[in-house]
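Note sheet for the following structure.
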Amino acid sequence: MSWLEKIGLKKQEKLEKGVEKSRNSFLDKLGKTFAGKDTIDASTLDDLEEILITSDVGVSTTIEIIDRIESRVSRDKFVTQNELQQMLQEEIVGLLKESRPDRPSEFDADFTYKPHIVLVVGVNGVGKTTSIGKLAYMYKNAGKKVVLGAADTFRAAAVDQLTIWSERADVPIVQQGQNADPAAVAFDTVSSAVAKNADIALVDTAGRLHNKKSLMDELAKIKRVMGKVVDGAPHETLLVLDASTGQNAMQQAKAFTEVVDITGLILTKLDGTAKGGIVIGISNELSVPVKYIGVGEQIEDLQVFDRAAFVEALFGAKN
Ligand SMILES: Nc1nc2c(ncn2[C@@H]2O[C@H](COP(=O)(O)OP(=O)(O)O)[C@@H](O)[C@H]2O)c(=O)[nH]1
Ligand SMILES: [Mg+2]
């Protein structure tokens, strides 16, 4: 069995475990609301609406879901909690499919560009460096040649931390120490990826959102120098968000998308939170797809986001 197949088998299990808190919290609320009921009326729909909103699904997404359920139960009033759960799952998967029809790719998929340059942004502590380490490991094991770039030169520990991840993933790192010019590190990283004939370069950054102007300038400069080395680089700009911060993550996403062209999101720390519903809200309300999710602190705890699998894990029966 190949490494990817083994990872695939573990994937659903890890996902289910990773969203356990969110699922239990959601199902508990649902259970309390529906205890002893066998019909869905206006008041149960109100309760359902509240459950979805307090599960961080987001207001506009919740309203869409409730509308869909409403039109379904007007046809079929007598449903059990299990049937309602099933209905919810179907409607949410349907909603996510309509808004984002792209299919998840795996780590061994071919890149359009070589080297494929990825810039990783987000505020402090959300999990940028950790996610880069995990991505490096996934790509490396899928047979890709990876280079890391330590362009978070702002914090003392940042370069050391990425160095440790580069050792764990067994991939080279380009760094110039603390206080180096992030754009110079980015330039070196992309140049090194070209020289090494690498498939992918992952570049870490410091995300200081408290000053939008300087962040914008710094990221613009990084992007500019990358583009000088490789046409069209960066090919991807991934924004990392901490799912456990719920609606805060949504706000960060909005703030960042105002200043940088974000091509995809990484939602981390799903394992430690009951706010997993945020993934549904974010992927539906922003025009940026969720690409990866973090479901733990270990090197294998990162997954390509698969909407259907996620909703199934989130709203599936408690086991
Ligand atoms: N439980 C859990 N912890 C995570 C996950 N991703 C990152 N972390 C933790 O979040 C903390 C901050 O991560 P770090 O990568 O340093 O964030 P950065 O400042 O954005 O680079 C670390 O303690 C990580 O172990 C995840 O998916 N699950
Ligand atoms: Mg970091």
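Among (1) among the hydroxyl-bearing types (Ser, Thr, Tyr); (2) more than 9 Å from ligand 1 (Cβ to nearest atom); (3) within 30 Å of residue 211 (Cα to Cα), which single condition is residue 130 missing?
Failing condition for residue 130: (2).
Working only within the stretch 140-163, note down all residues that are away from ligand 2 (no atom under 14 Å from the Cβ) and more than 21 Å from residue 231 (Cβ to Cβ). Before you say what the answer is, go through the steps one by one.
Keep residues of the stretch 140-163 that are away from ligand 2 (no atom under 14 Å from the Cβ), which gives 140-147.
If the condition is that a residue be away from ligand 2 (no atom under 14 Å from the Cβ) and more than 21 Å from residue 231 (Cβ to Cβ), then 140, 141, 142, 143 are the ones that fit.
Are any of the residues in the stretch 233-246 more than 29 Å from residue 112 (Cβ to Cβ), away from ligand 2 (no atom under 16 Å from the Cβ) and modelled with pLDDT under 90?
The answer is yes, given that some residue of the stretch 233-246 is more than 29 Å from residue 112 (Cβ to Cβ), away from ligand 2 (no atom under 16 Å from the Cβ) and modelled with pLDDT under 90.
Residues to consider are 123, 203; find the one that is at pLDDT below 95 and closer than 18 Å to residue 240 by Cα.
Values: 203 fails: at pLDDT below 95.
Just a single option satisfies the conditions, and that option is 123.
Looking at residue 225, is it aliphatic (A, V, I, L, M) and over 28 Å from residue 300 (Cα atoms)?
Answer is yes for this residue.
Considering only residues of the stretch 195-208 that are touching a residue at least 40 places away in the same chain (Cβ under 8 Å) and either surrounded by fewer than 17 Cβ atoms within 10 Å (Cβ to Cβ) or not assigned by TED's automatic domain parsing to the domain that holds residue 256 (or both), which is nearest to ligand 1 (Cβ to nearest atom)?
Here is the first cut: in the stretch 195-208, the ones touching a residue at least 40 places away in the same chain (Cβ under 8 Å) are 196-208.
The next check asks that each one be either surrounded by fewer than 17 Cβ atoms within 10 Å (Cβ to Cβ) or not assigned by TED's automatic domain parsing to the domain that holds residue 256 (or both); those that pass are 196-197, 208.
On the way: 196: 24, 197: 28, 208: 11 Å.
Filtering first and then ranking leaves 208.
Scan 97, 140 and give me the residue that is basic (Lys, Arg), modelled with pLDDT under 95 and away from ligand 1 (no atom under 16 Å from the Cβ). Working first, answer last.
Details: 140 fails: modelled with pLDDT under 95.
Of the residues listed, the single one that is basic (Lys, Arg), modelled with pLDDT under 95 and away from ligand 1 (no atom under 16 Å from the Cβ) is 97.
Go through the stretch 106-132 and give me each residue that's more than 16 Å from ligand 2 (Cβ to nearest atom), assigned to a loop (DSSP other than H, G, I, E, B) and in contact (Cβ under 8 Å) with a residue 24 or more places away in the chain. Walk me through how you get there before you give the answer.
Restricting attention to the stretch 106-132, the residues satisfying the condition of being more than 16 Å from ligand 2 (Cβ to nearest atom) are 106-117.
From what's left, assigned to a loop (DSSP other than H, G, I, E, B): 106-115.
Answer for the stretch 106-132, where residues must be more than 16 Å from ligand 2 (Cβ to nearest atom), assigned to a loop (DSSP other than H, G, I, E, B) and in contact (Cβ under 8 Å) with a residue 24 or more places away in the chain: 106, 107, 108, 111, 112, 113, 114, 115.
Within the stretch 143-181, count every residue that is within 14 Å of ligand 1 (Cβ to nearest atom), in a loop (DSSP other than H, G, I, E, B) and of a type in the set (Val, Ile, Thr).
Residues flagged as within 14 Å of ligand 1 (Cβ to nearest atom), in a loop (DSSP other than H, G, I, E, B) and of a type in the set (Val, Ile, Thr) within the stretch 143-181 amount to 1.
Given (1) surrounded by fewer than 21 Cβ atoms within 10 Å (Cβ to Cβ); (2) polar (S, T, N, Q); (3) more than 27 Å from residue 154 (Cβ to Cβ), identify the lone condition not met by residue 283.
Going through the list (1) surrounded by fewer than 21 Cβ atoms within 10 Å (Cβ to Cβ); (2) polar (S, T, N, Q); (3) more than 27 Å from residue 154 (Cβ to Cβ), residue 283 breaks only (1).
The values are calculated or read from the model by the stated rules, or taken from the named source; none is laboratory data. Source: prediction; values computed, not measured. Positions of Cβ are backbone-derived with ideal geometry, glycine not excepted, and every protein chain shown enters the neighbour counts.
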